[in-house]
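Reviewing the structure listed below.
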Amino acid sequence: MGGKLGLAGGKMKRYWPLILFIVLHAVIFLVLFGGAFAEEGQRDSRSLFHWFAGRMFDGDFPYRDFSIEYQPGAFVFFLIPRLFAASDAGYHIAFAVQLLLLDILGLVMLSSLARRLGYSERGTLIGATVVLMALGPMAIDHFDFAAGILVLAAIYAFVRGWRTASWVILAMAAMTKVFPVILVPLFALYLWRHGERREVWRGGLVFAAVLVAIAAPFLWISSEGFIDSFTYHSERGLQIESTYASATLLGDSWGLGTSNLNFDHGSWNLANSYADTVARFSPIVMALALLLFYNFYWWFQLSRDLSKEYLLNRWLITFAAIALMLFLLTNKVFSPQYMLWLYPMVAIVGGRHRALVCIVFAAIAFLTQEIYPYDYPGGIGKWVGDHVFPTGYLDLVGKETYAVYIVAARNAVLAGLAAVLCLSALRAAEDVRIRP
């Protein structure tokens with residue numbers, strides 16, 4: 001009996017850090033971020049999601065009966081809160097609770113990954129908490145948070161050896177928000193290097209089958225509307241927070257030019273022939289950057305000893321984080337909520353300086369919040385047409401020097417973080433003999 005009690009006590013001691021961080025995150029989500037409080041008539045992203053969910057509950061079919069720019073996987077996260085709350089205020093709270101539950105799932109996976117990869121569990125959870133605090137209330141206001149947790153779940157399943165599950169989850173993530181598709185080559189290259197070539201083809205088929213299964217009913221009922229949800233984003237202009245636009249606005253502040261802006265496709269964009277050209281070719285720039293990066297990952301893997309699987313998994317996660325950073329930096333749109341994609345992955349990147357990575361990423365998130373805070377009531381928010389913007393963001397639209405510099409600094413620091421992680425991988429590769 002004493003042995004059983006000792007074993008139970010040992011398990012409780014082992015899980016106490018995780019339990020404490022779960023409680024802390026509940027306080028952050030529900031109290032500090034205001035997830036447990038809402039008012040009728042509150043206007044934010046959750047209001048839009050509530051409207052979409054209401055239309056679907058009324059029997060309207062997305063894409064056919066109303067236009068929507070999001071992919072089908074997102075509808076799950078719109079509908080679940082509506083099952084528990086019909087009012088707008090109730091929906092706001094239910095949506096925040098939904099994301100809290102996903103965050104708790106993320107903490108459980110982080111804790112497990114930390115033990116498996118040889119990291120400090122407590123240090124990993126602290127890093128994730130620091131990043132969450134820096135991201136601020138947008139964590140409860142966007143389903144991008146859910147997409148980020150799905151990406152973590154796909155990586156977690158892959159590292160645990162649950163290959164089929166990892167491909168299924170990654171496909172679900174890609175049909176929620178398209179960006180997870182850029183991780184497919186990393187998974188495939190990892191398996192190919194390990195001689196699991198049959199698993200590459202099998203995984204690819206599973207991934208494709210899940211995509212088709214999710215898309216099929218929407219293609220059948222309204223193919224045009226479904227396709228429009230993808231082309232909508234391809235038609236967007238050069239958003240002012242993107243790396244390209246930020247460099248242009250920085251040049252304007254130095255007297256090198258004058259850029260015009262317009263509001264279109266839900267964002268402020270540069271409006272001139274140069275911006276249109278950059279926006280048109282940015283997907284090519286992104287594709288080339290990612291192609292070079294995948295080649296770097298393949299070369300890196302050739303330098304590693306396959307017997308040290310925990311190291312290979314550490315670097316797989318690191319390369320996944322870098323890939324997402326490259327996507328953000330080379331994309332023509334860089335909305336603030338895209339930062340949620342990297343939470344909580346940055347807490348488990350490889351290398352010796354994980355704490356520093358979390359601090360730097362928290363600084364990047366803080367710079368984002370300086371321009372686009374998610375708690376801008378009354379005096380620091382203004383309506384522009386049907387949209388409300390923080391005055392700091394409107395200062396960026398007005399090309400105020402401080403706002404331009406903050407966004408430029410945010411993008412530069414993110415690029416620097418990606419570069420430092422690549423250099424860290426390069427040094428690690430050079431320390432090991434190249435293996436056939």
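Read the figures in this text as sums done on the coordinates, not as results from a lab. Small disclaimer: the values here were computed from a predicted structure and weren't measured. Counting neighbours? That spans all protein chains shown, and the Cβs are built from the backbone with ideal geometry, glycine included.
Suppose only helical runs count, i.e. DSSP H with n ≥ 4. What mean residue ellipticity at 222 nm does that imply for the chain under -39500 (n - 2.57) per run, divided by all residues and rounded to the nearest 500 deg cm²/dmol?
-23000 deg cm²/dmol
So how do 94-105, 35-46 stack up, highest first, on mean other-Cβ count within 10 Å?
Taking the mean over residues of other Cβ atoms within 10 Å, the ranking is 94-105, 35-46.
With springs only between Cα atoms under 10 Å, which of 238, 417, 20 fluctuates most in a Gaussian network model of the chain?
Of 238, 417, 20, the most mobile in the Gaussian network model is 20.
Could you work out the relative contact order of the chain, using alpha carbon pairs under 8 angstrom and six or more residues apart, expressed as a whole percent?
18
Among 227, 87, 418, whose Cα sits farthest toward the positive end of the charge dipole of the chain (+1 at Cβ of Lys/Arg, -1 at Cβ of Asp/Glu, about the Cα centre)?
Of the candidates, 418 comes out farthest on the positive side.
Kindly provide the chymotrypsin sites (Phe, Trp or Tyr not before Pro) of the stretch 240-326 that DSSP labels as loop, not H, G, I, E or B, and whose Cβ sees at most 14 other Cβ atoms within 10 Å.
Filter output for the stretch 240-326: 254.
Please report the base-10 log of the normalised intensity I(q)/I(0) for the stretch 2-430, using a Debye sum with one equal scatterer per alpha carbon and no solvent, at each q in 0.06 (1/Å).
For the stretch 2-430, the Cα-only Debye profile gives -0.25.
Decide, for the stretch 214-357, between rounded, prolate and oblate: order the square roots of the alpha carbon gyration tensor eigenvalues as a ≥ b ≥ c, take rounded if a/c falls under 1.5, and otherwise choose prolate if a/b is larger than b/c, else oblate.
It is oblate, given that a/c is not under 1.5 and a/b is not larger than b/c.
Tell me, what HN-Hα J-couplings in whole Hz come from the Karplus equation 6.51 cos²θ - 1.76 cosθ + 1.60 at θ = phi - 60° for each residue of the stretch 331-343, using x for Gly and Pro?
Each residue's phi maps through the Karplus curve to give 7, 7, 10, 9, 5, x, 5, 5, 4, 5, 4, 8, 8 Hz.
Give the average over all directions of the projected area of the C-alpha convex hull of the stretch 136-237, one decimal, in nm².
8.2
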